[in-house]
1. Across peptide A:305-317, what mean number of C-beta atoms from other chains lies inside 10 Å of a residue's C-beta?
2. Heavy atoms only, probe 1.4 angstrom, no DNA, RNA or ligands counted: give me A:I29, A:I260, A:I113 ranked by accessible area, highest first.
3. Cross-link candidates for B:K154: which lysines have Cα within less than 25 Å, leaving aside residues fewer than 8 places away along the same chain?
4. How shielded is B:183-190 by partner chains, expressed as the average number of their Cβ atoms within 10 Å of its Cβ atoms?
5. Please compute how much accessible surface disappears when B pairs with A, both sides summed, using a 1.4 Å probe, and round it to the nearest 100 Å².
6. Helix A:393-423 against the longest principal axis of chain A: what's the angle in degrees, Cα atoms only, rounded to the nearest 10?
7. Heavy atoms only, probe 1.4 angstrom, no DNA, RNA or ligands counted: give me B:H263, A:H328 ranked by accessible area, highest first.
8. Enumerate the aspartates and glutamates that B:K66 could reach by cross-link, defined here as Cα to Cα under 15 Å, with residues fewer than 8 away along the same chain left out.
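The values are calculated or read from the model by the stated rules, or taken from the named source; none is laboratory data. Computed from a prediction, not measured in an experiment: that's the story for all the values here. When we count neighbours, we look across all protein chains shown, and the Cβ atoms used for this are built from the backbone with ideal geometry, even at glycine. Surface areas here come from the heavy atoms of the whole protein model, side chains and all, with no ligands, DNA or RNA. Shrake-Rupley method; radii C 1.70, N 1.55, O 1.52, S 1.80 Å.
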Amino acid sequence: MNNTQIVQKSLKKRYAKERRFKIYGVFSIIVSLAFLLFLLVDIVLKSTPAFTQTYIKLDIDFSYKVLNIDPKPNYTKDELFKSSYRNLISKALYQLFPDVSSRKQKRALRKLISSGAQYHLRDLVIERPQLIGTSQSVWVLADDDIDTFFKGLIDRNLPEADRRIKDIQITWIDKLQSKDRIKRQFNASFLTSGDSREPEQAGILGALKGSLYTMLVTLLLSFPIGVAAAVYLEEFAPKNNWWIDVIEVNINNLAAVPSIVFGILGLAVYINLFGVPRSAPLAGGLVLSLMTLPTIIIATRAAIKSVPPSIREAALGLGASKIQVITHHVLPLAMPGILTGSIIGMAQALGESAPLLMIGMVAFVADIPQGFFDPSTVLPVQIYIWSDSPERAFIALTSAAIIVLLIFLFLMNLLAVLLRNKFETKW
Amino acid sequence: MNNNDIELNQQLGKTVGNPLVDGIPRMSCQSVDVFYNQDLQAIFNVSVDLAKNQILAMIGPSGCGKSTLLRCLNRMNDTIDGCIVTGKIYLDNEDIYTSNIDPVLLRAKVGMVFQKPNPFPKSIYDNVAYGPRLHGLMTNNSELDDIVEESLTKAGLWKETKDRLNKPGTGLSGGQQQRLCIARTIAVKPEVILMDEPTSALDPIATATIEELMYELKSSYTIAVVTHSMQQAARISDRCAYFHLGRLVEVNDTNIVFTNPEHGLTENYITGRFG
Ligand SMILES: Nc1ncnc2c1ncn2[C@@H]1O[C@H](COP(=O)(O)OP(=O)(O)OP(=O)(O)O)[C@@H](O)[C@H]1O
Ligand SMILES: [Mg+2]
């Protein structure tokens, strides 16, 4: 056999190996894609009910008597704020179903409407005081059980004791439907309000803003500190020095520390020692920075290491000082890698809930945070809170919140990709 | 030590020829030793002068320490961890390793073209303009344009690149990249230019351009050039140094080295029996 024949013989084997390897690769990609798709479809399907909400049309009589207010040309906001709006709704309901008389039935009737509807009416009146004394048709928010039923998620054929909605309420809903007084509408309040104990009033904006502020603090702290630390360790720190080695080992260990430990540390140091407000995005950002820093430092060091030494030599040979070499060449060339590492760290931080539980970001916060010092929660913690709530409508809200979290993540990644493309150098 | 080593050590001995030049040399190495770490010595007791407005060619087999010595002349070896240089190296009678001269300033005065072309991943224009911008050698943009054009012309690259100055320098061919690196170095107008095999990646025509350039530059600069081409060394250099295993074996006027070498190793090398 000559060489050509030997090579030819092994060639077949080599190609077969290559083909097998390709098949493995394609197979694993298909499997992981299938999992991802399954997950996404599941979440999207589960979340759809959360994006619409049931409203009931009531003929509200904004009479002075029910509002307990005297007729006059002008009202102060305070006066309007204090009036009783719940009665407006009850009155309208009794009017709609005049044959309801027993106390028990009346209570069931009032339960059709969300407890938040009265505040909607209040806001309406404060915005337009001229409504007082008139009668208006208003679409008001239905209670979450009614909403769930109307969306077909409660079986009407179940025995009455087994469902959260009574037979008589079903007849009322049917009646409302025949009169076109009940409808589903896009749930705008999900995106514009904060958390609530009542699922039909609960929104994601509070957690979204909380996450945004927390991420901002994390980014502003961990990116510059991480990059500076990495540049020092890579470019300036003396080599073969024991305390530099100690720092290095510690940074690598820090990246592997369970995140809840950072939460305990944050509680002890930031909140108890330095008096950072509990539950605030500032505290959350400080804690998450501890987690993100090692990731950014390690990624930045790797990116700096991968800058070819010939580029440094070229710049040094032309008389650039060390810091000029770093700012003119090393950092720009390392920037794509630095951004990739930072975005991985930030994505981890965005999805982190354990350490934030320790610093009180799990508290129920109905108000939307307006800054870095307001009590707030974050998206993953909100998801955790909702998934733990008993009301059926929270299942959909949980999935909807996951979608919001994923979109947030996607936008962050998109930003990173755009920045990376901007900094990418063509060799 | 085995017999071969002893024999070699006897052969290498002291530098023969004429390491010193008449008058004040522009640069001068005296008893230079270079260690890459404790047990790896790359240069052994080398003394040699670089005369003003002359070209010194450094020849020798691969790995004999030519690049190492060249990199000592502008303290590029400072950037290598664990690299230690002992002995004295003077630029205009100033010891560049002990005196107050700043390595950054030194490298602006002693420019270097590296063995492997290493353009920045920036445009051709920015590559050449980098040094002048760094040192503020111009007062306005048109002056910078002039410097770029002049440098590229001298390096024989202007014609090929004048229409694509904004294209990345890394998109040029290997030989063009090396000429770009030469243009980048001369744009700073250094006093001494160190060239590490500047033409090893070039075709004969481009090589001729560079050799002409060196010849032209000689009138205002001092040049040290490492080369593997005997013909090139013979053509362009005024003096020639032959290195072997980290020792400077022989250094003398180029025509003497090539016509009448004193040392047997030198003769073997230039006649092609070694290396
Ligand atoms: N950065 C370094 N670290 C350790 N040893 C090195 C380093 N650079 C060079 N050396 C060693 O020093 C010796 C001289 O190397 P140098 O690069 O100076 O050779 P050269 O004469 O330029 O060779 P060539 O003609 O192949 O370029 C070699 O044995 C090499 O292995
Ligand atoms: Mg070399």
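1. Mean partner-chain Cβ count within 10 Å for A:305-317: 6.
2. Per-residue accessible area, sorted high to low, gives A:I29, A:I260, A:I113.
3. Excluding near neighbours in sequence, the set is B:K52, B:K109, B:K116, B:K122, B:K162, B:K167, B:K189, B:K218.
4. 2
5. 1700 Å²
6. Approximately 40 degrees, to the nearest ten.
7. Solvent-accessible surface, decreasing: A:H328, B:H263.
8. Cross-link targets: B:D33, B:D49, B:D196, B:E197, B:E250.
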